[in-house]
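The values are calculated or read from the model by the stated rules, or taken from the named source; none is laboratory data. The structure presented is a predicted model; accordingly, all values stated were derived computationally and were not measured. Here the Cβ positions follow ideal geometry from the backbone for every residue, glycine too, while neighbour counts run over all protein chains shown.
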Amino acid sequence: MRLMTLAVAFIAFFSQSWTSLPLDASSGGTPMIWSVTSHKGKQIHSSALIGRVTIVNFWATWCIPCIVEIPTFHDLVQKYEKNGLTVVGVSVDGSSPAMLNAFVDKFKMNYPVAMTNPGMMSNFGVGDTVPMTFVIDQQGRIVRRHVGYVKKEELEKDIRPLLKL
């Protein structure tokens, strides 16, 4: 019985994101300015992503819902990169570069992954909760925030109107 209760709780947990907050970019939202270094040592600047739809996913290597989301981001990159989508994974757990590289390879993450910095977490308002995912429009403004696990269908609903399809 206890195992059944745990299974039901697990399914309920992953059935939808904890909170999803639409943000009205048309009301003059200010573009986000941020920068991180990818797991390959490349600088990723928000200014270089202007003109693209960007998903920024804050995650941790020890976070089960974060790991479950990785195939979603992988699939979105494969399906929509040519239409102007960029995904950036931002690890918040302080892993060493070697550990992060091994994790990226193991899970076949086909998008840039970086270790966060305090300024980036503060700018995005990320506290202790992961995963946390932001959808950013072509002007660099956050248009949606998902706290917790988010389904692929929800992200597609967010990005499709913004992409060049």
message = Quick test for you: out of Lys79, Lys40, pick the one residue that is more than 15 Å from Ala114 (Cβ to Cβ) and charged (D, E, K, R).
response = Lys79
query = Does Phe73 qualify as being modelled with pLDDT of 95 or more, part of a strand (DSSP E or B) and surrounded by 11 or more Cβ atoms within 10 Å (Cβ to Cβ)?
reply = no
ask   = Given Tyr80, Tyr149, which one is more than 17 Å from His39 (Cα to Cα), of a type in the set (Phe, Trp, Tyr), outside any loop (DSSP other than H, G, I, E, B) and at pLDDT 95 or above?
value = Tyr80
query = Taking into account only those residues within region 38-92 that are acidic (Asp, Glu) and touching a residue at least 12 places away in the same chain (Cβ under 8 Å), which is nearest to Lys106 (Cα to Cα)?
reply = Glu69
task = Considering only region 49-60, state which residues are over 16 Å from Met120 (Cα atoms) and not in a strand (DSSP E or B).
result = Ile50, Gly51, Arg52
Subset of region 112-141 [touching a helix residue (DSSP H, G or I) at 6+ places or on another chain (Cβ under 7 Å), buried (at least 20 other Cβ atoms within 10 Å of the Cβ) and not small (Gly, Ala, Ser)] = Val113, Val130, Pro131, Phe134, Val135, Asp137
inquiry  = Given the condition under 18 Å from Ile64 (Cβ atoms), in a loop (DSSP other than H, G, I, E, B), of a type outside the set (D, E, K, R) and modelled with pLDDT of 95 or more, answer yes or no: does some residue in region 84-106 qualify?
reply    = no
message = Taking the condition of being of a type outside the set (A, V, I, L, M) and within 12 Å of Cys63 (Cβ to Cβ), how many residues in region 125-144 meet it?
response = 3
ask   = Are any of the residues in region 146-160 touching a residue at least 60 places away in the same chain (Cβ under 8 Å) and under 21 Å from Gln43 (Cβ atoms)?
value = no
